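Participant: One structure is given below, represented as structure tokens, and several questions about it will come after.
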Amino acid sequence: MEKTALRLAFQTPLDGRLKEEYNSLLQASRQHLQEIQEKRCLGADFLGWYTLPNELEREIASVQTIAQTLVNYDAVVVIGIGGSYLGALALAEALEEQKEGMQPELIFLGFSLCADYMANQLARLKEKNYAVVVISKSGTTTEPAIAFRLILAALKQSANGYSPERIVAITDAKRGTLHDLAEREGIRRLVIPDNVGGRYSALTPVGLLPLAIAGYDIVALVEGAKAAFGALQTADPNTNLAMQYAAWRNLWYKEGRSLEVLAMYSPYMRSFGEWYKQLYGESEGKNGGGVFPTSVCNTTDLHSLGQFLQEGTSLFFETHLFFEKANHSLSVMQLDGIADGLEYLVGKDLHEINRAAAQATAAAHEAHAIPTAFLHVPLRNAYWLGYLLYFCELSCALTVLLQGNNPFDQPGVERYKKNMFHLLGKPGF
């Protein structure tokens, strides 16, 4: 593996009162880390993710065994919403060209109620021999439950017909509609641990099975997360990057910065931004407070949102996520007869040009008094994506604990559901 490490660099200098406040938050994050380690923090019943990277050897074997039985299908439909699909989608897209062999296409469904989208996906599937992975703790969440109904109906009408071998359910260990259906029909099951919430579940079968089916290196992914766990165990605020990032985010939140922009510099990372937004948004948005997370993919979005980010309302701070090395080297070549003014770039590597764009963007924003930080990730591969994923999970938990809230619940999510059930005439609502 790479000998370098994840690095966190704060571009905006801290001095005087800001430095004192940051140090105070850093010491508080130290206390919260100890609370997590001793399982006495807010929401301690949902700390299963914390030591998970060290506990997955048997789980990986089970996941790989099931995945191997599905590799000959044209496609595998993954049904889930929120944390039940975003982790797998984010990692699959981030590692898109790093699959091993000709594996099934992953088709994600159950995250939307758009009739046109669902109808078109069902039409696509008519031409394919496909299997299904359905992910739901209860089996009754509206969007995936509807998608599963429609897919079951489509399977029964398909050329190969319905059979339990074409389906894997990832659900509760002991109860729930999906659990009961799987048990009754003889559908294979993998378990969502009771003590791991959806947005922290990417390293459970929820994320690992789809990735294994599609040919991604889940062993390297887990090894990266395991390395992050080891590095972030320390209560030393000078070396624990998760504590530092949580303190830094809360510092600027206390200074009135109520939005965070996560800026990434690879199109492969767009869905990682969606996962990040759910992780932080659903964890942090409590009791009328919290930082609103959003993401951009540069340099693309500098040509659409760049003006606002530079000179618009200064409500945000900014984290730039950049890979230190590219997986490919590609230089700008000399071409005679083209007057595009790019002669000064001839011989320069495209990744270094991308790095200059990231550095220039951060410097321009910092000059406009926007607090900025860099998260330097060594390489876009399974190992470092696993490391990054775990870093974000721990940083998020510490961030929310510093705000005095439970990082692992989401009471507000239920309100729209109750309103929708009332409008649709569900009994009891």
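Participant: Of all residues in the range 168-190 being out of contact with any helix residue (DSSP H, G or I) (no Cβ under 7 Å at 6 or more places or on another chain) and not in a loop (DSSP other than H, G, I, E, B), which is surrounded by the fewest Cβ atoms within 10 Å (Cβ to Cβ)?
Facilitator: First, pick out the residues of the range 168-190 that are out of contact with any helix residue (DSSP H, G or I) (no Cβ under 7 Å at 6 or more places or on another chain): 173-184.
Of the ones still in play, those that are also not in a loop (DSSP other than H, G, I, E, B) are 177-184.
Numbers: THR177: 15, LEU178: 25, HIS179: 21, ASP180: 13, LEU181: 17, ALA182: 22, GLU183: 12, ARG184: 9.
Filtering first and then ranking leaves ARG184.
Participant: Kindly establish whether GLU59 is assigned to a helix (DSSP H, G or I), open to solvent by 50 Å² or more (accessible area, probe 1.4 Å) and touching a Ser or Thr at 6+ places or on another chain (Cβ under 9 Å).
Facilitator: yes
Participant: Continuing with this model, one more query. Could you tell me which residue of the range 27-56 is farthest from ASP217 (Cα to Cα), considering only residues that are among the hydroxyl-bearing types (Ser, Thr, Tyr) and either free of Cβ contacts under 8 Å to residues at least 40 places away in the same chain or open to solvent by less than 40 Å² (accessible area, probe 1.4 Å) (or both)?
Facilitator: The initial filter retains those residues of the range 27-56 that are among the hydroxyl-bearing types (Ser, Thr, Tyr), namely 29, 50-51.
From the residues that got through so far, the ones that are either free of Cβ contacts under 8 Å to residues at least 40 places away in the same chain or open to solvent by less than 40 Å² (accessible area, probe 1.4 Å) (or both) too are 29, 50.
On the way: SER29: 33, TYR50: 21 Å.
Top of the filtered list is SER29.
Participant: Let me ask you something else. Which of (1) open to solvent by 50 Å² or more (accessible area, probe 1.4 Å); (2) more than 14 Å from GLN244 (Cβ to Cβ); (3) of a type outside the set (Phe, Trp, Tyr) is the odd one out, the single condition SER24 does not satisfy?
Facilitator: It fails just one condition, (2).
Participant: Which residues, taken from the range 124-137, are in a loop (DSSP other than H, G, I, E, B) and open to solvent by 40 Å² or more (accessible area, probe 1.4 Å)? Walk me through how you get there before you give the answer.
Facilitator: Let us first name the residues in the range 124-137 that are in a loop (DSSP other than H, G, I, E, B), namely 126-129, 136-137.
Residues satisfying the conditions are LYS126, GLU127, LYS128, ASN129, LYS137.
Participant: Within the range 383-426, track down each residue that is within 17 Å of LEU52 (Cα to Cα), part of a helix (DSSP H, G or I) and open to solvent by 10 Å² or more (accessible area, probe 1.4 Å).
Facilitator: Hits for the range 383-426 are TYR383, TYR387.
Participant: Name the strands (runs of 3 or more DSSP E) wholly inside the range 230-337 in which the number of residues that are among the hydroxyl-bearing types (Ser, Thr, Tyr) and at pLDDT 95 or above is 1 or more. Break it down stepwise before answering.
Facilitator: Working: elements: 259-264, 292-297, 316-323.
Correct list: 292-297, 316-323.
Participant: Scan the range 142-156 and give yes if some residue there is open to solvent by 40 Å² or more (accessible area, probe 1.4 Å) and over 21 Å from LEU178 (Cβ atoms), otherwise no.
Facilitator: Looking through the range 142-156, none of the residues is open to solvent by 40 Å² or more (accessible area, probe 1.4 Å) and over 21 Å from LEU178 (Cβ atoms).
Participant: Six or more apart or on different chains, Cβ under 8 Å: which pairs go from a residue in the range 118-134 that's free of Cβ contacts under 8 Å to residues at least 60 places away in the same chain to one that's assigned to a loop (DSSP other than H, G, I, E, B) and buried (at least 18 other Cβ atoms within 10 Å of the Cβ)? Could you list them?
Facilitator: LYS128/TYR73; ASN129/TYR73; TYR130/TYR73; TYR130/PRO104; VAL134/GLY80; VAL134/GLY110
Participant: Sticking with this one: With respect to the numbered conditions (1) assigned to a loop (DSSP other than H, G, I, E, B); (2) surrounded by fewer than 13 Cβ atoms within 10 Å (Cβ to Cβ); (3) over 23 Å from the mean Cα position of the chain (by Cα), which one is the sole condition not fulfilled by GLU100?
Facilitator: (3)
The values are calculated or read from the model by the stated rules, or taken from the named source; none is laboratory data. Everything numeric in this text was worked out from a predicted model, so none of it was measured. In this analysis, Cβ positions are derived from the backbone assuming ideal geometry, glycine residues included, and neighbour counts consider all displayed protein chains. SASA here: full protein model, heavy atoms, side chains in, ligands and nucleic acids out. Shrake-Rupley method; radii C 1.70, N 1.55, O 1.52, S 1.80 Å.
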